[in-house]
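Written out below as structure tokens is the structure these notes cover.
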Amino acid sequence: MARTDLGYLNEIHTCPHCDQKMSCCEAPQVHVGDGLGWGSEILYICLNDYCSLFLNGWRNIEEKYGHHASYRYMELPDSTEGNFMMVGNADAFKGSVINPDDLKRQNQRYQQEKQAVKDLQNCVEEKNLAPVLHLILDEGADISNRKQAISLLLQVNDLSCIDPLRNHTFRDTSLEMECNKIIGLLLKKNYMKECPFCSHLIKMQASKCMHCKEDV
Ligand SMILES: [Zn+2]
Ligand SMILES: [Zn+2]
């Protein structure tokens, strides 16, 4: 979700029919071209089952149209104009309630990913491992961004990447395999190896680990 302006998440909408706080809901998906979109990704909907609009709606619709349905009161972000959403049961829209804090967190993650991708451009000249590592370790980041970051590991040539990469649980094992391959090349390039007993980095030609004193 690529949002930059999340101001609407701080809006408080109150239902004029029941005075209850309305829920922030994901707008239902509509097919492009059918002209039914609300022009907003979220809607504020009164989901109070004791709301008078909702309670009276069953009878009104039954009398007018002869079928079993009611209304929920709805407002768009940044608007207090009232809309009615037709619902067939009390649970409609309850599954699409959004926790604004989750959305803010998602957005923050996305903004950080975007910044890291930007910082990749100069990471080799600046010997800046931070954006490279950020992208590789961000399981929510775009796979192509993560692969691009992995491809720069060797050029950035910073051995401090090894610990965090080894300690990370990759959901995509192909990324993990790629990282392991690069770590091998990185160690070789710096004439280092990992102690098989304590995992500390030691010189390639060392026969005894200076950290755990084991013979290697
Ligand atoms: Zn209401
Ligand atoms: Zn050791």
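Points to keep in mind about this one:
- Positive minus negative residues near residue 203 (Lys, Arg vs Asp, Glu; Cβ under 12 Å): +1
- Cα-based Kirkwood hydrodynamic radius, segment 7-96, one decimal, Å: 13.7
- What you get for the chain, charging only the Cβ of Lys and Arg (+1) and of Asp and Glu (-1), is a dipole of about 1080 debye around the Cα centre.
- Added length on full extension, which subtracts the Cα-Cα distance from 0.36 nm per residue, residue 207 to residue 104: 31.9 nm
- Taking segment 67-185 as the region of interest, the number of lysine pairs whose Cα atoms are within less than 27 Å, with members eight or more places apart or on different chains, is 13.
- Stretch gain in nm, segment residue 65-residue 160, where the contour uses 0.36 nm per residue and the Cα spacing is subtracted: 27.3 nm
- GluC sites (Glu not before Pro) within segment 49-111: DSSP coil, no more than 10 neighbouring Cβ in 10 Å: 81
- Between residue 147 and residue 6, the C-beta separation translates, for a Förster distance of 25 Å, into a calculated FRET efficiency of about 0.30.
- To the nearest ten degrees, helix 173-189 and the longest principal axis of the Cα atoms of the chain are 30 degrees apart.
- Global geometry of segment 100-203, whether rounded, prolate or oblate, following the gyration tensor of its Cα atoms and the 1.5 cut on a/c: prolate
- Three principal axis extents of segment 87-128 based on alpha-carbon atoms, in descending order, are 60, 16, 8 Å.
- Relative to the longest principal axis of the Cα atoms of the chain, the long axis of helix 143-156 makes an angle of roughly 20 degrees.
- Angle of helix 100-120 to the longest C-alpha principal axis of the chain, folded into 0 to 90 degrees and rounded to 10: 40°.
- Split the chain at each of the chymotrypsin sites (Phe, Trp or Tyr not before Pro) in a DSSP loop with at most 15 other beta carbon atoms within 10 Å, and the longest piece is 51-190.
- Since only 58, 42, 79 are under comparison, the one whose Cα sits farthest along the positive direction of the charge dipole of segment 7-96, derived from C-beta charges on Lys, Arg, Asp and Glu, is 58.
- Global geometry of the chain, whether rounded, prolate or oblate, following the gyration tensor of its Cα atoms and the 1.5 cut on a/c: prolate
- Residues 212, 195, sorted so that the one with the fewest Cβ neighbours within 10 Å comes first: 212, 195
Each reported figure results from applying straightforward, stated rules to the coordinates on display, with no laboratory input. This one's a predicted model, so the numbers in the text were calculated from it and none came from an experiment. Every residue, glycine as well, gets a Cβ built from its backbone with ideal geometry; the counts of neighbours run over all protein chains shown.
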